[in-house]
Each structure stands twice: as structure tokens, then as C-alpha cells.
Ligand code: KG4
Ligand code: ZN
């Protein structure tokens, strides 16, 4: 089957063509007008929705061109678009476009949970992933740990009580006057800084507690108060940002490794935008070796938002429950249980 995937859940407009017979992505494209959002220090929902409207159809044409196939009902077998969670204006653009193409081409369509996309994204990199395993999503909107029972079944083990890991990095980035989004820059500081350079010490929230939850908002407050103090003048902003990254990674890996222990599983899959962090990847493999765990990451291009993962999750959904009806709606706060 050839599946057209569409993701317009946040600022990225993403389109992909996935060939399930060969297991290959034939073509994919991601486009963002981040320079417009960056002026406001975060994603502006209306700008994002207007961008999706402008870019989506030309991008659908261009991925077909890249793949060397015609954009018509003879070639496409299924259309999959993100239904939620996300910014509702953007979701409506992608979802309505998918429904319109489905109606015009007489090709089935499915609405996909964006979290399902992140959870299956590992299969675009690692074929025949073993189930069950522990799966952690770390992105700008989510920090959650699941027991992945099968590609279509996940049990939530723990989540953040407040900010997501990527959201925290972006907020700290604002305090440190880094452009938005800040995750990549702060990650590069953590990777490059001399570990012997003097640095402040921030807390590792909830790490010692007997649960699988995260709390990142206190870390932002700790950073804010530290920056207001005279002591902060003794440290570079790189050393402050790197310490925030170290704290985030300690919390993420501490909880995820604990989940493996509690669930008696030795494979951990980490996905979502923050999973493209080189520092997180290095620390995960270093600590996994010691703990006897197998930690897997999708390729970086499949960690941040992309439509390839939506096409794959859409195929799983279609094979499980067939096409979705046209009266299916987008949901800004869709959870995995309300799929
Ligand atoms: O998955 P994603 O593209 O969008 C959401 O679904 O949220 O994740 C975006 C988040 C942003 O907060 C961004 O700062 C963070 O991922 N991010 C990173 C890196 N690249 C993106 N965080 C740490 N290190 C990176 N290299
Ligand atoms: Zn995402």
C-alpha cells in the first residue's frame, strides 16, 4: 500500500509517502516558518495555521514528484492525517485537506493520534522492534512513559505534572536569551562544555520519589532565581544551560530506567523532538551499558515532528479498524486512551 501522511499539529507542515510493501519512505518533506514564530518567542497558532494552508498542497505535489508517482487515486491507497493533540487551527487545515482528497480521490482516510506517531516512529529506523518494551516520548508538548504492549496498545506509566521537557528547555532558552526553539542550542552547550568548567547546581525534581512522574517547572523557577542572584555573574550562560540539560537528562533517564526495572523489561525506546539531543543519546547509551539495558532512538529526522510517522501509525490504525468516517473531528487535547 502507498500511504500519504500529513502532520500539521504544531508549527511544522509535514508530508510523506510511505510504501508499506517495501517498508520505505519514498519521499518526505518538513517545512516551518520558525523565523516568524521566533519573533514572538513561541509558536503563534494563527501564523502556524495560515502557513499550513499556504504550504500543504504544494508540498503534497512536491513529495509525489520526489517519489516519481502521480498524485491521484491510482497511486495512493490510504490518506492519514494527524487528528490531535495539537493546535486546533493547524490540525483543521491538515485534517480537512486529507478528508477533501479522500472524498475527491475515493481513497480511504484515517485520523491519527500524534502520540501514536511518535510511539511508532522507532519502526522507521529499527525494523522488527520487539514488544513489550518501555517507550518514552519527550517533546515540546509531552513527557510520558508507556509500556508499549503492541504497535497499537500502550499503557501510561507516568507523565509530567507540569511542563514537558522540551517546553522547559525552550522557556530556559528565553531566560538565557537563546532563540526559539532553544533545545538544540542548549543541547550543544551540554555536549561541548568542559565538564570541569565551574557550573551551578540545579535540582533533579522528583528523581528520588517512588513514582514515574516528572516535574520540570521548578527547574525553570530555580534557573530564573539563580539568574537574578549575584552568584550567577560567576558563570557563563553556556554553563548554566548545560546544567539545566544535565538535570533534564538525569530526570528523564532516571525515570525511564526505573520504568524498565518496575516493568521487568530491558528495551527502552526514546522518541519525540528532545530525543534528537546528542547529550541525551550519549548519556543513555553510556548508562544503558552499565544497567544492562538496550536503549533505542529513531533517526533524528523521525524524532522531531514528521509525517512519515503519521503515515505508519495511520496504516496500523487502518489495518486494525478500517477507514474513519468523515464526521470524525480534530481534538486539541486528544489522549491515547480517547483514540
Ligand atoms: O516533537 P517536536 O518536534 O514537537 C512536539 O511535538 O512538541 O519537539 C519539539 C521540541 C522543542 O521543545 C525543541 O526545543 C526540542 O524538541 N528539541 C531538542 C532538540 N531538538 C529539538 N531538545 C534537545 N536537544 C535537541 N537537539
Ligand atoms: Zn510531536
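I'd like to check something: does the stretch 138-150 contain any residue that is more than 21 Å from residue 296 (Cβ to Cβ) and more than 10 Å from ligand 1 (Cβ to nearest atom)? Checked against the condition, which is being more than 21 Å from residue 296 (Cβ to Cβ) and more than 10 Å from ligand 1 (Cβ to nearest atom), the stretch 138-150 yields no hits at all.
It is to be established whether one or more residues within the stretch 323-330 are closer than 17 Å to residue 83 by Cα, within 23 Å of the chain's Cα centre (by Cα) and within 16 Å of ligand 2 (Cβ to nearest atom). Within the stretch 323-330, one or more residues are closer than 17 Å to residue 83 by Cα, within 23 Å of the chain's Cα centre (by Cα) and within 16 Å of ligand 2 (Cβ to nearest atom). Meeting the requirement of 3 or more residues that are surrounded by fewer than 20 Cβ atoms within 10 Å (Cβ to Cβ), the strands (runs of 3 or more DSSP E) wholly within the stretch 1-84 are 24-31. Within the stretch 166-177, is there a residue that is touching a residue at least 24 places away in the same chain (Cβ under 8 Å) and more than 25 Å from residue 300 (Cβ to Cβ)? The answer is yes; a qualifying residue exists. Identification of strands (runs of 3 or more DSSP E) wholly contained in the stretch 109-208 with 1 or more residues that are closer than 14 Å to residue 251 by Cβ and modelled with pLDDT of 95 or more yields 133-138, 143-150, 153-159. Here the stretch 281-303 is the region considered, the condition is being touching a residue at least 60 places away in the same chain (Cβ under 8 Å) and crowded, with 24+ Cβ neighbours inside 10 Å, and the residue that is nearest to ligand 1 (Cβ to nearest atom) is 303.
Return a yes/no flag: does the stretch 66-74 have any residue that is away from ligand 1 (no atom under 15 Å from the Cβ), closer than 22 Å to residue 305 by Cβ, modelled with pLDDT of 95 or more and more than 14 Å from the chain's Cα centre (by Cα). Among the residues of the stretch 66-74, at least one is away from ligand 1 (no atom under 15 Å from the Cβ), closer than 22 Å to residue 305 by Cβ, modelled with pLDDT of 95 or more and more than 14 Å from the chain's Cα centre (by Cα), which makes the answer yes. Considering only the stretch 26-49, I want to know if a residue exists there that is more than 30 Å from residue 171 (Cβ to Cβ) and at pLDDT below 95. No: the stretch 26-49 contains no residue that is more than 30 Å from residue 171 (Cβ to Cβ) and at pLDDT below 95.
The values are calculated or read from the model by the stated rules, or taken from the named source; none is laboratory data. Just so it is clear, the structure is predicted and the values come from calculations on it, not from any experiment. When we count neighbours, we look across all protein chains shown, and the Cβ atoms used for this are built from the backbone with ideal geometry, even at glycine.
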